[in-house]
Each structure stands twice: as C-alpha cells, then as structure tokens.
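Novice: Let me give you the structure first, and then I'll get to my questions.
Derivation of every value follows stated rules applied to the coordinates shown; laboratory data play no part. Predicted, not measured: the structure shown is a model, and the values here were computed from it. Methodologically, a virtual Cβ is constructed for each residue, glycine included, from the backbone with ideal geometry; neighbour enumeration extends over all protein chains shown.
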C-alpha cells in the first residue's frame with residue numbers, strides 16, 4: 001500500500017497559497033481516482049483510499065504534519081519506502097518539479113515535522129513555488145496566493161505531477177525522475 005501526502009494548511013484562508021500546492025495535488029488525485037473518505041479523528045487529517053493507495057491532507061497545520069503522517073503510517077502499517085510527500089519548495093523556480101528520496105528539509109517546517117516523526121527515507125515530490133527577494137519574506141511569500149499569471153498554468157502543472165505520482169507507484173524513482181522532472185512547466 002502507498003501513502004501519498006500533500007502538505008498544506010487547513011481552511012479557506014490558505015486554499016490557494018503557495019504553501020498549499022500539496023493539498024491541491026491530493027484533491028486532484030482523490031477526484032481522479034474516485035477515492036473514498038476513510039478519515040478518523042485519530043488521523044489528524046483528511047484521508048482517502050482508492051485501491052491500494054491512501055491520500056492524506058494533514059489538518060494539523062504545516063508545522064505539525066508529522067503527527068498526522070505517523071498516525072496513518074502506523075494504523076495501516078505502511079513502509080517508509082511507500083510514502084510520497086508532495087510539497088512546495090522555494091529553492092526551485094515556479095512550476096519546476098523534482099523528485100528525490102530522503103535528504104534535508106531545507107527549512108520546510110512540514111518536512112521537518114515528518115522527518116522527526118518517521119525518519120527521512122520517503123520520496124519527496126518537490127514543487128517549485130519561486131522565492132522572495134529576501135529571506136525575511138519567506139513566511140509571507142509562501143502564505144500568499146499565486147499570481148493570476150501563475151494560476152493560469154497550475155492546472156496543467158498539477159496534472160503533470162499527478163501523472164508522475166501515479167507512475168511512482170509502479171516504476172523506479174530514477175525512471176520517473178528522468179521522464180517527469182521539469183525546469184518549468186510549459187503548456
């Protein structure tokens with residue numbers, strides 16, 4: 001069984017922010033696969049299931065995502081090798097897409113929380129959201145909405161990402177990397 005986690009913050013206030021791109025990918029995966037809601041309070045998130053795949057949107061707020069991830073991982077006895085985390089990445093240009101297993105959290109509080117809860121050896125789907133001019137602007141930047149121009153290509157970028165995530169469940173990471181990595185999404 002695979003567990004695909006999209007990182008974000010709950011509530012309409014954050015819905016279209018850069019930090020919530022992971023939630024948007026999960027919404028698309030859930031919709032495309034007609035997944036059913038299997039959420040429980042003890043999961044601290046929205047959990048959906050389709051065949052042998054679980055889709056999770058932690059509702060703990062970003063900084064506590066690990067609490068939700070470990071609850072679901074332990075309940076379903078999921079191996080860390082079968083965990084995929086989709087998240088925003090300010091170290092990549094807008095609409096870039098990268099994949100890796102393990103590594104550092106790069107200051108991302110959602111990854112930091114997951115790393116401390118389950119370890120680091122899961123697959124990361126890194127979605128570039130661009131970077132503010134100054135480091136002091138990062139929190140405001142990721143909690144702001146995408147521009148209208150950026151928003152115009154997000155659906156296509158999410159579709160591409162969803163296709164890659166579906167492939168990650170059947171193919172080697174290196175194969176998916178070479179086929180689906182993007183410097184930027186072009187329609």
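Novice: Which order results if 70, 165, 114, 90 are arranged by neighbouring Cβ count within 10 Å, fewest first? Don't skip to the end; give the middle numbers.
Specialist: Values: 70 16, 165 25, 114 29, 90 20.
Final ranking by Cβ density, sparse to dense: 70, 90, 165, 114.
Novice: Take every DSSP beta bridge whose two residues both sit in segment 2-180, then give the antiparallel share in percent to the nearest 5.
Specialist: The antiparallel proportion sits near 50 percent.
Novice: Add -39500 (n - 2.57) for each DSSP H run of 4 or more in the chain, then divide by its residues: what number comes out at 222 nm, to the nearest 500 deg cm²/dmol?
Specialist: Working: 6 runs with 69 residues, N = 187.
Helix contribution divided over all residues of the chain: -11500 deg cm²/dmol.
Novice: Next up: How would you rank 62, 127, going from fewest to most other Cβ atoms within 10 Å of each one's own Cβ?
Specialist: Taking fewest neighbouring Cβ atoms as first place, the list is 62, 127.
Novice: Give the distance, in whole Å, between the Cα centre of segment 139-185 and the Cα centre of segment 35-77.
Specialist: 21 Å
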